[in-house]
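Only one structure is covered here, and it is reproduced in the block below.
The values are calculated or read from the model by the stated rules, or taken from the named source; none is laboratory data. Being a predicted model, the structure only gives us computed values, none of them experimental. Note: ideal-geometry Cβ built from the backbone for every residue, glycine included; neighbour counts use all protein chains shown. Accessible surface areas use protein heavy atoms only, side chains included; no ligands, DNA or RNA. Shrake-Rupley method; radii C 1.70, N 1.55, O 1.52, S 1.80 Å.
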Amino acid sequence: MLLIRCPYCQQTLPELEFTYAGQAHVARPDAANKQISDEEWRDFLFIRTNVKGPHYERWRHAHGCGRFFNAVRDTVSDRFLITYKVEDPRPELSDLLEKSE
Amino acid sequence: MSSFRVPGRGRIDHQSPVEFSFDGKKITGVKGDTIASALLANGIHLMGRSFKYHRPRGPVSAGSEEPNALMGTRRGPGRFEPNTRATVQEIWHGLEATSQNRYPSLEFDIGAVNDRAYMLFSAGFYYKTFMWPKSFWDKVYEPFIRAAAGLGVSPTETDPDHYASRYLHTDVLVIGAGPAGLASALASARAGLRVTLVDENTEAGGTLLSEPQAVIDGSQAWDWVEKAVAELKSLGARVMTRTTAIGYYHQNMVALCEKLTDHLPAPAANMPRERMWRVRAGQVILAQGALEKPLVFDGNDRPGVMLAGSAQTYLNRYGVRVGNSAVIVTSHDSAWYAAFDLADAGTKIQAIVDTRANPDSTLLEGAKSRSIRVLAGYTATRTEGRLRVKSVRVNPVSNGKVGAPETLTCDCLLMSGGWTPSLHLFSHTKGSLAWDDEKQTFLPDRKTEDCEIAGAGRGLWGIGAAINDGAEMGALVARHLGRDAVAATYDVASDRPGTGISHKELPTDLNPGKARAFVDYQNDVTAKDLRLAVREGMHSIEHVKRYTTNGMATDQGKMSNINGLNIAADALGKPQPKVGLTTFRPPYTPTTFGAFVGYHKGDHFDVTRKTPIDSWAEENGAVFEPVSMWRRAWYFPKDGEDMDAAVSRECRATRASLGMFDASTLGKIEVVGPDAVEFMNRMYTNPWTKLAPGRTRYGLLLGDDGFIRDDGVIGRLSDDRFHVTTTTGGAARVLNMMEDYLQTEWPDLDVWLTSTTEQWATIALNGPNARKLLEPLVEGLDISADAFPHMSIAECKVAGLPARLFRVSFTGELGFEVNVPAAHGRELWEILWEAGQQYDICPYGTETMHVLRAEKGYIIVGQDTDGTVTPYDAGISWAIGKSKPDFVGKRGLERPDLVAKGRKQLVGLLSRDGKTKLEEGAQIVLDPNQPIPMKMVGHVTSSYHSDAAGRPIAFGLVEGGHDKMGDTIYIPMPEGVIEAEVTGTVFYDPEGARLKL
Ligand SMILES: [Zn+2]
């Protein structure tokens, strides 16, 4: 069982408290104000990266504060490189890898 | 039968006899024996039959790696376990053990004919033998495979035992309580850390228990162990025996299975049989030691052929000589000491046969002083003896040439092919291994977890090396954890360090194609099988493993791994590191399902959610059904009624006068805040801006793919407050989805979402007399037809209780839903029940609710939709606020496939004969005479007998269904083809007049 740090609670807690919520940084196109092509909408709905290695993804502290947050997790080792708030900028992978060395 | 027990030897209690049975025969062992040691003490080596060839087998080891001596053990009804390792199971008075895989008896087994037909069972025999003809599968192959599959027999009765589980946090977890583990634990504990030391054996000590001659810092080995354990306990360390570390998971979580009662003659009824520990450790020290390898030669599996180190353990730990007349065959120094110990205890050592030409001089002296014959530079080429080894054929080898044979008689043959570090747990962490050319084995290399490996587990041989390495590692992890720690040094006398070489099959002068030289005893895999697999094109070790099943038995290749690798590498013409090892997976040793299940069984298997009114339903004879995690009243049968009769009566009573229904499981979400209406506009398809406070509306929720996710009636209580209802099963999902959009797409919206499902008890009253019942009980609200029309909501008091009252109907009748705080649910229900007697009020369950809604054409999301149905498909596109700039699913609905022709659409279905009820899930075709496989155009989603319609009714999803009104479609069933007419979905009161009463 993984231990995951909730960036809102600032606590490292058992995986049981969290649920996975898919790839991160997939923004919903602004269909209210713009013409969105079928391809764009398809990509938003279905096209995901399926990374082998560091993966930007979302988790929810479902049995805690309830917040969705972002994380970078290595899909090979299952290690979290970082978790960060939804409103925080997407961290650069090179910085993360440097730090984890 | 002479006793092989050596008086005064071992850690058993010679004065305490214990009686148990083996295959019905009474056997006497002593306190401290395992089944295997007790049987060996009685001269019995034959303990089982092998899996494939039914060859007679005896114990080859003295530990948990045992592949042969597997038995059924029983302790009264329900307490039967197959494949218990006789080398591990302690005996107690009354234990019943039975051998396996034999008929009619262990000594005479018909299945042994397989052994004669061994050519048929070579590598890949499953794949080759059962290929054709196809018609043989059901009648011949599958029954054969099923009968032959697995060892032992599964228990057939419910296990009456219970199993516990716990979490544990510890600074340092040390796995293995041999010299390295004990020294590690001492070093960490002395540094002030919380230490947990676990060992699968009955007591701490590991190798030290089998080597009592060793002297550590002036103390005899066993005395040192006792002192070490006492010191650990005084330092607060937790020392757990009979506890196996079965799996090493992420972030230093290790699962331990602790056996609590299997060794007790009469465990207390309330004792759990086993306890699963989930340990989170700051640092882990793997001190699991090494496992001895067999040598691979023809007949290396007969009863009486055993690992030399295990024979030494039987002697020194259990006081048992495994035979009167032994031959040693070895490629490692360690087996010489086993020979010396046995010789000193009175066993005649016929010869020490060493594959090495020049054994160490001190060993030769030891042999000479005991008058033991030494055959150096020899090979073993065959054994004889049906139920027990009686001789071994040995030949000199020089310059690769096998010389003339000599036959040595014996009643036991003790072998050693060297030692393999136990890498299983380390490999669970995906740590990498590196091949050590000198030691001819893999050793731990790159680590992924906070762990250290100590002692023989990293290839260090001898007690002195292991114990000092343990101390170093214990101090090292203490420093990792921020403590000042310096390793103690231990002085070990009478140590027996040694070296050896590693082999593939031993050289032979006989036809290797006929050799029964076993590599994997438990799965009956021979050296020949491995070579055949390579010849037949299996070039990856993972393929070789699966083709031959080498290492795939429950012992996971603990003994066979390196031998298998050496042979496969030789056959492939590659060095071992280029071939690599197969993957080790948890659990380390076979583990009961009970230990994994723990408390999660019976009523505790899953949560059962019950409404506040559930108890009334139970008291009043309701039949229940599970709906998501809820238990819901399904129907309320009266005396002698079956379900159909009860449901028909409930439907009639509701439409005629008044029905009451516990709707508390409806999901409820309170949506509150200045931007609540904007949030609702964006989430749901419907327009909400113009919905006035006090009014409700049917809400439809899509995914952004345009498919229906959920629905429910939503009431606006005030400008900034909505009472949202969801389907029973959808509540959590809907709240999660709302939170997702609110937090991540529209964080600018000022809205709060609260689950209130369990805060409200909801009672639905339906029927023409619903208002008459309710009116006198309502305070603070006029619920007359004009003042409180259909689709209204208000806060008021009902029977003196604070309530949210909906005027809403899921039946087509005049309907109200009364929400009161959950704690008052049953109270209100009973008040309504009493007051309703004058109207013959009828409690109804979910089945009647389903029928009544279907008669009115109301869909159930998840039953009439399946995640690929749009509002257009479902015929509810009126619920879409088309002029809204955006809502979840709006853009999705324009996707090309969603607007294409020929989509499956929801329609009504009426069987043409007016009598046949369709089967939910049945497939629909347009032409019943077309060849099979037919083109299926849809399926039946809902089907009931309708009392109101006087006939069966159904819904179905049918390709292009909306354009097929009046057409006939066909439902092929085993009893024949059913014809049905495609209709609209409303079967009762299409004008909705009854709603407006
Ligand atoms: Zn949190």
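Peptide B:703-713 shows a mean partner chain C-beta count of 1 within 10 Å per residue C-beta.
Relative to the current alpha-carbon distance between residue B:3 and residue B:827, full extension at 0.36 nm per residue lengthens the span by 289.0 nm.
How big is the antiparallel share of DSSP beta bridges in chain B, given as a percent to the nearest 5?
Within chain B, antiparallel bridges account for around 75 percent of the total.
Could you list the residues of segment B:247-265 with an amide nitrogen less than 20 Å from a label point located 7 Å from the Cα of residue B:483 in the Cα-to-C-beta direction? What the label zone holds, given the 20 Å backbone N cut-off, is B:252-254. Taking amide H as placed 1.01 Å from N in the peptide plane, the amide H of residue B:799 sits under 5 Å from that of B:778, B:779, each at least 5 places away or on another chain. Do the alpha carbons of any pairs in B:668/B:917; B:935/B:964; B:401/B:545; A:52/B:558; B:856/B:964; A:34/B:964 sit beyond 27 Å of each other, and which pairs? In this structure, B:668/B:917; B:401/B:545; A:52/B:558; A:34/B:964 lie more than 27 Å apart at Cα.
Under the shape rule built on the C-alpha gyration tensor, where the axes satisfy a ≥ b ≥ c, segment B:283-420 is rounded, since a/c falls short of 1.5. The figure for residue A:93 is an accessible area of roughly 60 square angstrom, using a 1.4 Å probe on the protein chains alone. Taken along the Cα-to-beta-carbon direction at a fixed 7 Å, the label points for residue B:755 and residue A:38 span 3.9 nm. With contacts taken as Cα pairs under 8 Å and at least 6 residues apart, segment B:664-840 reaches a relative contact order of 22 percent. Its relative contact order, with pairs defined as Cα atoms under 8 Å and 6+ residues apart, puts segment A:32-101 at 21 percent.
Excluding same-chain neighbours fewer than eight residues apart, the aspartates and glutamates reachable from residue B:514 by a Cα-Cα span under 16 Å are B:115, B:298, B:301, B:384, B:505, B:524, B:529. Where both bridge residues fall in segment B:159-316, DSSP classifies roughly 45% of the beta bridges as antiparallel. Taking every full run of DSSP H in chain B, the ones that stretch at least 18 Å from end to end by Cα along their long axis and average -1.0 or higher on the Kyte-Doolittle scale are B:221-234, B:463-480, B:643-656.
With a Förster radius of 45 Å applied to the C-beta separation of residue B:625 and residue B:268, the computed FRET efficiency comes to 0.70.
Provide the FRET efficiency to the nearest 0.05 for the residue A:85-residue B:223 pair, computing r from the beta carbons and using R0 = 56 Å.
0.40
Calculate the dipole size of the protein assembly as shown relative to its Cα centre from +1 charges on Lys and Arg beta carbons and -1 charges on Asp and Glu beta carbons; express the result in debye to the nearest 20. Roughly 2860 debye for the protein assembly as shown.
Computed from the C-beta positions of residue B:690 and residue B:786, the FRET efficiency with R₀ = 25 Å rounds to 0.75. Beta bridges assigned by DSSP with both partners in the protein assembly as shown are antiparallel in approximately 75 percent of cases.
Between residue B:574 and residue A:77, what is the label-to-label distance in nm when each label sits 7 Å out along the Cα-to-Cβ direction? Those two pseudo-labels are separated by 2.6 nm.
Between residue B:158 and residue B:514, what length comes free when the chain is fully extended (0.36 nm per residue of separation minus the Cα-Cα distance, one decimal in nm)? Full extension from residue B:158 to residue B:514 adds 123.6 nm. Computed packing ranks the peptides B:963-969, B:64-70 as B:64-70, B:963-969, most packed first, by mean other Cβ atoms within 10 Å. Summarising the amide proton neighbourhood of residue B:946: residues at separation of 5 or more, or on other chains, whose placed amide H is nearer than 5 Å comprise B:951, B:953. Figure legend: label point modelled 7 angstrom from the Cα of residue B:945 along Cα→Cβ; residues of segment B:626-665 with amide N under 19 Å from it are B:634-656. Measuring with a 1.4 angstrom probe and ignoring ligands and nucleic acids, residue B:841 comes out at about 10 Å² accessible. Counting only heavy atoms of the protein chains and using a 1.4 Å probe, residue B:912 has close to 110 Å² of accessible surface.
In this rough spin-label picture, where each label sits 7 Å from Cα along the Cβ direction, the residue A:92-residue B:608 distance is 5.9 nm.
Counting Cβ atoms of other protein chains within 10 Å of each residue's Cβ and taking the mean over peptide B:955-967 gives 0.
Peptide B:888-895 has a mean shielding of 3, counted as Cβ atoms of other protein chains within 10 Å of each residue's Cβ.
For segment B:407-485 versus segment B:342-395, the inter-centroid distance based on Cα atoms is 28 Å. Working from Cα pairs under 8 Å separated by at least six residues, relative contact order for chain B is 9 percent.
Can you give the calculated 222 nm mean residue ellipticity of the protein assembly as shown, where each DSSP H run of n ≥ 4 adds -39,500 (n - 2.57) and the sum is split over every residue, rounded to the nearest 500 deg cm²/dmol?
Estimated from H runs of four or more residues: -6000 deg cm²/dmol.
The residue among B:337, B:51, B:744 whose Cα reaches farthest toward the positive pole of the charge dipole of the protein assembly as shown, with charges on the beta-carbon of Lys, Arg, Asp and Glu, is B:337.
Centre-to-centre separation between the Cα atoms of segment B:239-314 and those of segment B:679-720: 59 Å. Counting only protein chain heavy atoms and rolling a 1.4 Å probe, the accessible areas of B:934, B:253 rank, largest first, as B:934, B:253. Protein heavy-atom accessible surface, 1.4 Å probe, per residue over the protein assembly as shown: 42 Å². Straightening the chain between residue B:934 and residue B:234 buys 244.3 nm, computed as 0.36 nm per residue apart minus the Cα-Cα spacing.
Rounded if a/c is under 1.5, else prolate if a/b is larger than b/c, else oblate: which is segment A:1-64, with a ≥ b ≥ c the root eigenvalues of its Cα gyration tensor? Since a/c reaches 1.5 and a/b is larger than b/c, the shape of segment A:1-64 is classed as prolate.
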